[in-house]
There are 2 protein chains.
Amino acid sequence: MNTALNRILCARSLAIIGASSDPAKRGYQAIRQLLSDGFAGRIFPINPKSREILGLKCYPSVLDVGETIDAALICTPAKMSPGILDQCGQKGITGVIVLAAGFAEIGPEGAKLADECLAVAQRNNVRIIGPNTNGVFNLHNRMNLVGVQGVEPGGIGIVSQSGNMSLALITEAKRRGGLGFSTYVGVGNQLDVRFNEYLEYFGQDQETKAAVFYVEGFKNGRKFLDVCREVAKKKPVIIYKSGRTAAGQNAASSHTGALAGSFALTRDLLRQAGATVIEQSDKILSVAEGLSKLPVASGDRVAILSDGGGHGTITTDTLIEHGLTLAELSDETRMRLAGMLPASASLTNPVDVAGGTDENPACFADCAQILLEDPGVDILMIIGIFGGYAMRFSESLLEMEIETSRRVADLARRYGKPLVVQSVYGTLRPKPLEYLKELGIPLFIWPENAVRCVAELVRYSGARRRIARAQPLIPGPAKKAAQSIISGARSEGRDSLYEHEAKTLLATYGVTVPPHLVVREAGELVHVTAKLGDDPMAMKIVSQDILHKSEAGGVKLEISGGKALCSSFEAILENAHAFNPRARIHGVLVSPMARPGVEVIVGVVHDPIFGPVIMFGLGGIFVEVLKDVSFRALPICDEDAQEMIEEIQSKAILNGVRGAAPVDKSALVDLIMKVAMVSQLHPEIAEIDLNPIIARDDGYDVVDARMIFSNDGD
Amino acid sequence: MNTALNRILCARSLAIIGASSDPAKRGYQAIRQLLSDGFAGRIFPINPKSREILGLKCYPSVLDVGETIDAALICTPAKMSPGILDQCGQKGITGVIVLAAGFAEIGPEGAKLADECLAVAQRNNVRIIGPNTNGVFNLHNRMNLVGVQGVEPGGIGIVSQSGNMSLALITEAKRRGGLGFSTYVGVGNQLDVRFNEYLEYFGQDQETKAAVFYVEGFKNGRKFLDVCREVAKKKPVIIYKSGRTAAGQNAASSHTGALAGSFALTRDLLRQAGATVIEQSDKILSVAEGLSKLPVASGDRVAILSDGGGHGTITTDTLIEHGLTLAELSDETRMRLAGMLPASASLTNPVDVAGGTDENPACFADCAQILLEDPGVDILMIIGIFGGYAMRFSESLLEMEIETSRRVADLARRYGKPLVVQSVYGTLRPKPLEYLKELGIPLFIWPENAVRCVAELVRYSGARRRIARAQPLIPGPAKKAAQSIISGARSEGRDSLYEHEAKTLLATYGVTVPPHLVVREAGELVHVTAKLGDDPMAMKIVSQDILHKSEAGGVKLEISGGKALCSSFEAILENAHAFNPRARIHGVLVSPMARPGVEVIVGVVHDPIFGPVIMFGLGGIFVEVLKDVSFRALPICDEDAQEMIEEIQSKAILNGVRGAAPVDKSALVDLIMKVAMVSQLHPEIAEIDLNPIIARDDGYDVVDARMIFSNDGD
């Protein structure tokens, strides 16, 4: 329980510091709004120059108030903040909202003031929302400290790094109707309280059914992921992350100064933690509405019940494009539908009623029931002009339509399956559709938005199950042999392992690596055949000073026979010396050529925002040019590793192309898990890069491996 | 000039056949609507059972009307259509709208009735819109035969294969405001008049500023492309094509029965013809609005003027994701902006006014002028809460805001550069924004929609310039040598050319192909070195009965030396015989191995809907797995060929990866143009497949070539 935050947002007594009698000032507007909304707690205006504001007694300072104060809204100029925070601390106020701008965002001077505020606050045990925020509201507490008017209370919680974005969402909700908000927080500069704590609050808040975040940059990404994983078990967390492109990051940091990591990485990690990541701001609200109202989906098989060919087709296209499955209807279902619909109706999914509802909209409910009863259907979408029949055909249908809305909502509840409605008439807000919304059925105007919502629901439902099932990987103790490889390299002052050391280390954890021999003198090459067989060999320079071996002429491939081995050995040493005369040469690594297969890559990096992260991708140009990779925060479970492989855009290549057999994905899952384990057991390794790995139907070969130590010496 | 269609849609006299006194019937509603809208022409109700309907004299049949009738709305049941069409023809009515369903869409019986109608109509010189349509309107003619109420006249023309889709667009336009329609046609079953003719009409119609099409399937795609290319020179053509996925195509064809080609092909060809292709139906209207109001853009360099960091960042991200360019502002521009804005403002693009407009919204116009005057700016986007200052801050700003709207619209006109506004307040329709819309500036609520519109404008502007510039390729006469290769193969009864014949044919048109030798007996192999040099050779079976040479063991690569040539020759013949003992063997093709490079593919197919189409793509897995290809309808111009190469998703590979030099794109353009020429000059070749071609920095090698004749023997 985040007590401090809870005490601010659910305050029963509130000081308005910098209270004012000027209706243009926030210190007036806030009090007026609290009074007009019927805020049930006590309000204490604070201003040494006033006696009374809006009929309430005004105090010179919070210290003059005789009662307990839960939280304070600070409306004074930035410079006064440290002193006020000090007083708040003395008074036992544990949380404040600082509206003023003029801190880090204006430059070094403001940053200094911010530091001072934080120091005072921490000393006094006061938590700060803001500064530079447009405020907060908790409509279920009738506490609206933002000043936007006429917002409906409801289930959507919002935390936003942009005031305009929250305004956009609230305005849009008003237009749509049937959608309300619980708590809003403008995070401002996030001087103290950060995204993860707001998320924790939403997790606990009974009134919040779905949490929406507009984020430009996380300051404590790892902690956010940890909280998100817990909250997502109970309710959807929807995140719009801006600053996705380099140019966008520049624009964002000139706005807030927060770091913004690679978007692909951020998106993958948030989804791993159960969050729903939206990339178009105009979709945030419709997805949030859907997710806040719908039950979890048991699968991705969608049935479409349509009364208009065009919208049925658009829905079908979009479903497929989103990777969802068009449910296959059972014979029984089709037979039952046939008994209900005209002969020209299409009884395969998408079901087209072909005019069967024109004079009898109740038919929608009958068909919906049949489809919901089909065990092959996980989700039902009603598409077209549902709820608009009275408007379109005859007013006499109105009662029947309203009754149909009731029945449809009832069926959704009874069968516990997600049901959404898309209707062209949604914009006109006819009674049957308004009623439908009241009954908790998500309504969409455009089929694309309905499908997007269903797709995100399916993804969220899967993530929720995955997180609930996930057994945290508890690795055994670190292997002594691995530890001594690392300590050996570090004792030599190296900042990385040699390739063969990295491979040997991996092998101690059961990663299959090809056999190898490190040759330091040509004379040792006579042992190659005995130790490695007589297949063609790959030879590579081993030097801590040569990172890019090919560039240095330090790699020779497909070498067969003693003579060729010798001449290649000499050539490699010669090239390496020519490339860097001061390079310390450890020897030449000889290893049998890997059999052909598909190049993949597995790596671990320490992300500055999210900590240790594992990556999987297709190798070669796919990673270099197409950046076709997936990320997960460590630790991971088996399912994460499976998903990483399945998320690759060009994954068809893993399934076998041009007559090749599919690669052994379970071997790759095992490899990913073992690399994750190595990273966890040996935190001194900051970076792991296995590239390429040759994957085949019978396993894989780690053809090159690199491990780099972290700089901090741990 | 499409006279028949023009005479329907701009009718001055109209028969309503099946006129009725029953308000529930279309034959009543249509007349009531015409009367209430003040249709200026004559209305002739036709019904043998009535004397008068809504105060108008009713006639037993059109033949009883003494005056000229331009067009007829036929509201009678399907079965009566042939007789009525016959009467219309006798009366000299050249165009009718048939509302009734019950034709091809219900099965063979309906199809027969449709055929009969078409025969009668053609015999009588009557053109048919529909059947199975919800009607048409031309609001500038005050002729609304659809029955939707309260639609504003304006510049958007719509042709739709789905009644619900047009209803969705019209409803959405009403909600947005400031957006009206010219002509609407529900095409129904397209028994007679097809999309291309409607497009032709829109091209001529002065009132239509942008034409919108909702298409499930084209019936005469080639003709549509031809018309589109002409119309797009004058006004934007916006197309939403449904049935993009196989499942969607099934859904669509159960709706209309039209063929739906591969979406990627359709999209590329439509864009080649200057059309704007939209893939999300909820974006159709905002793009149409923007394109109908904005001038052509001279480039893709966009300046963003923002008063809110969040929306500025979202806009920047989305711009980059759409491939647009963030304009680089000149020093002068930045200096001038600095004189206008507070110190904390961001003066690089995106420009953030940092509160500089809060008390002085007129500052928007000042900044807009500076940005529009920068020669490095092609397009200006104003982003944030423009027009909402009076609502947000103080009612006293209202007059200044309205004046700012006027100035901004004025500046856009003066500088002739596209200018769009995105405002969070758009939904609330405050006066300054309503005024802005009246002045012709496109307004968006969400930044994504604004960017989408700008991106489509840039694309359209480029296509318009390309089409205007394009010189149709006038190929010289067909080469005799090429003709004799073809006639030789056909005289042997073959349906395709041998690989070496195809290569030789290409060479006659200047395509560089590697030298080769066809060897029929082992003894001839002695000539290989003399004729082809002593580089390693590729050897391939030549047989009209073996299509997949590798599968048949008919390919050997990297063959060096006489002995190896001989043994490979024998092995190939042996394998081919084992693979298919009855295969007719022409010989073995010997050719030097191509130097390494990037595999690409060029092909020509005859598409059933669009005719001859050329394709370019990256070879190997990129074409097979990722389907990374681009299409153009033949004939093409140089710029088409360049665009085909630049559209490839993985085109970075052509620009050189892993240290490779970029391939010679101009050589590839030349190759594509020559293949296009071969296809044009030799229409008897239905299919060309050059796969792979090895592209390098110094040109290319056509490594394999296949040409297949068309079946129709032309």
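The values are calculated or read from the model by the stated rules, or taken from the named source; none is laboratory data. Treat the numbers as computed from the prediction; the structure is a model and nothing was measured. Cβ coordinates were reconstructed from backbone atoms using ideal geometry, including for glycine residues, and neighbour counts include every protein chain displayed. Accessible surface areas use protein heavy atoms only, side chains included; no ligands, DNA or RNA. Shrake-Rupley method; radii C 1.70, N 1.55, O 1.52, S 1.80 Å.
What percent do you get for the relative contact order of the stretch B:148-293 when only Cα pairs under 8 Å and 6+ apart count? Reported as a whole number, the value is 25 percent. Under Stokes-Einstein, with the Kirkwood radius over Cα pairs as Rh, the value for the stretch B:515-593 at 20 °C and 1.002 mPa s is 176 µm²/s. If you take the Cα atoms of the stretch A:301-469, find Rg, then find the Kirkwood Rh from the mean of 1/r over all pairs, what is Rg/Rh? Using Cα coordinates only, the ratio equals 0.95. Taking all Cα-Cα distances within the stretch B:148-293, those exceeding 24 Å account for 24%. Each residue of the stretch A:338-354 is assigned a 3J(HN,Hα), and the resulting list reads 4, x, 10, 10, x, 4, 7, 5, 8, 9, 8, 5, x, 6, 10, 6, 6 Hz, derived from the Karplus form 6.51 cos²θ - 1.76 cosθ + 1.60 (θ = phi - 60°), x at Gly and Pro. For the stretch B:206-249, heavy-atom accessible area (probe 1.4 Å) falls by no less than 30 Å² from the chain alone to the full protein assembly at B:R244, B:T245, B:A247. What the Cβ-Cβ distance of A:L681 and A:K563 gives, at R0 = 35 Å and to the nearest 0.05, is a FRET efficiency of 0.20.
Listed here are the pairs B:K233/B:K417; A:K503/A:K674; B:K174/B:K235; A:K209/A:K233; B:K233/B:K651; A:K233/A:K293; which of them are more than 20 Å apart at the Cα?
Listed pairs above 20 Å: B:K174/B:K235; B:K233/B:K651.
Applying both filters, DSSP loop and at most 14 other Cβ atoms within 10 Å, to the GluC sites (Glu not before Pro) of the stretch A:47-108 gives A:E67.
With viscosity 0.890 mPa s and temperature 25 °C, the Kirkwood radius over alpha carbon pairs of chain B converts through Stokes-Einstein to a diffusion coefficient of 84 µm²/s. Between the C-alpha center of the stretch B:414-490 and that of the stretch B:560-576 there is a gap of 56 Å. Here the Karplus curve 6.51 cos²θ - 1.76 cosθ + 1.60, taken at θ = phi - 60°, turns the phi angles of the stretch A:20-28 into couplings of 8, 9, 8, x, 7, 9, 4, x, 9 Hz, with x standing for Gly and Pro. Amide H to amide H, with H built 1.01 Å from N, B:V159 comes under 5 Å of B:V185, B:V212, B:F213, B:Y214, counting only residues 5 or more places away or on other chains.
Counting only other chain Cβ atoms within 10 Å of each residue's Cβ, the peptide A:157-164 averages 4. The label point for A:L398 and the one for A:N711, both projected 7 Å from the Cα toward the Cβ, are 7.2 nm apart.
Once you compute Rg and the Kirkwood Rh from C-alpha atoms, what is the Rg to Rh ratio for the stretch A:1-134?
Working: Rg = 14.0 Å, Rh = 14.8 Å.
Ratio of gyration radius to Kirkwood radius for the stretch A:1-134: 0.95.
With R₀ set to 56 Å, the beta-carbon distance separating B:K665 from A:R51 gives a calculated FRET efficiency near 0.10.
Across the alpha-carbon atoms of the protein assembly as shown, the computed radius of gyration and Dmax are 35.9, 116 angstrom. Charge dipole (Cα centre; +1 on Lys/Arg Cβ, -1 on Asp/Glu Cβ; no other charges) of the stretch B:1-132 amounts to roughly 240 debye.
Averaged over its residues, how many other protein chain Cβ atoms are within 10 Å of peptide A:339-350's Cβ atoms? Each step should come with its number before you reach the end.
Numbers: counts 0, 0, 0, 1, 2, 7, 1, 4, 0, 3, 3, 6.
Going residue by residue through A:339-350 and averaging, the value is 2.
Summarising the amide proton neighbourhood of A:M537: residues at separation of 5 or more, or on other chains, whose placed amide H is nearer than 5 Å comprise A:E558, A:I559, A:S560, A:M593.
Over the stretch B:301-469, what relative contact order in percent results from Cα pairs under 8 Å that are six or more residues apart? Write out the running numbers ahead of the final one.
Working: 297 pairs, mean separation 40.4, N = 169.
Result for the stretch B:301-469 is 24 percent.
Counting Cβ atoms of other protein chains within 10 Å of each Cβ in B:680-692 and taking the mean gives 0. Rounded to the nearest 5, what % of DSSP beta bridges with both residues in the stretch B:1-132 are antiparallel? Bridges in the stretch B:1-132 are about 10 percent antiparallel. Interface of A with B. Using a 1.4 Å probe and counting protein heavy atoms only, the two chains hide about 5300 Å² of accessible surface, both sides summed.
Placing R0 at 35 angstrom, the Cβ-Cβ distance between B:R490 and B:Q649 gives a FRET efficiency of 0.35 after rounding to 0.05. Here each label is just a point 7 Å from Cα along the line to Cβ, and for B:K112 and A:R334 those points are 2.7 nm apart. Extension gain, A:N360 to A:R142, is 74.1 nm, computed as 0.36 nm per intervening residue step minus the present C-alpha separation.
Across the identical copies, the 7 Å label point of A:R42, projected outward along Cα→Cβ, sits 8.8 nm from its counterparts, in ascending order.
Within the stretch A:301-469, DSSP assigns beta bridges of which about 5% are antiparallel (rounded to the nearest 5).
Under 12 Å from the 7 Å Cα→Cβ point of B:I474, by amide nitrogen: which residues of the stretch B:666-690? From the stretch B:666-690, the list is empty. Only Cα pairs under 8 Å and 6+ residues apart enter the sum, and on that basis the relative contact order of chain B stands at 8 percent. A point 7 Å from Cα along Cα→Cβ stands in for A:D22, and the other copies hold the same point at 7.1 nm, listed in rising order. Of the GluC sites (Glu not before Pro) found in the stretch B:448-495, the ones in coil according to DSSP and having at most 12 other Cβ atoms within 10 Å of their Cβ are B:E492.
Determine the percent antiparallel among the DSSP beta bridges restricted to chain B, to the nearest 5.
Working: 50 of 101 bridges.
The antiparallel fraction comes to roughly 50 percent.
Accessible surface for the stretch B:183-326, divided over its residues, is 25 Å² per residue with a 1.4 Å probe. Take the Cα of B:V657, step 7 Å along the line toward its Cβ, and report every residue of the stretch A:679-714 whose backbone nitrogen sits under 17 Å from that point. Taking a point 7 Å out along Cα→Cβ of B:V657, the residues of the stretch A:679-714 whose backbone N falls under 17 Å are A:691-695. Only Lys, Arg, Asp and Glu carry charge here, each on its Cβ (+1 for the first two, -1 for the last two); on that basis chain A has a dipole of about 1980 debye about its Cα centre. For B:V296, the point set 7 Å out from Cα toward Cβ sits 5.7 nm from its twins in the other copies, listed from shortest up. Carbon-plus-sulfur accessible fraction, the protein assembly as shown (probe radius 1.4 Å, protein heavy atoms only): 50%.
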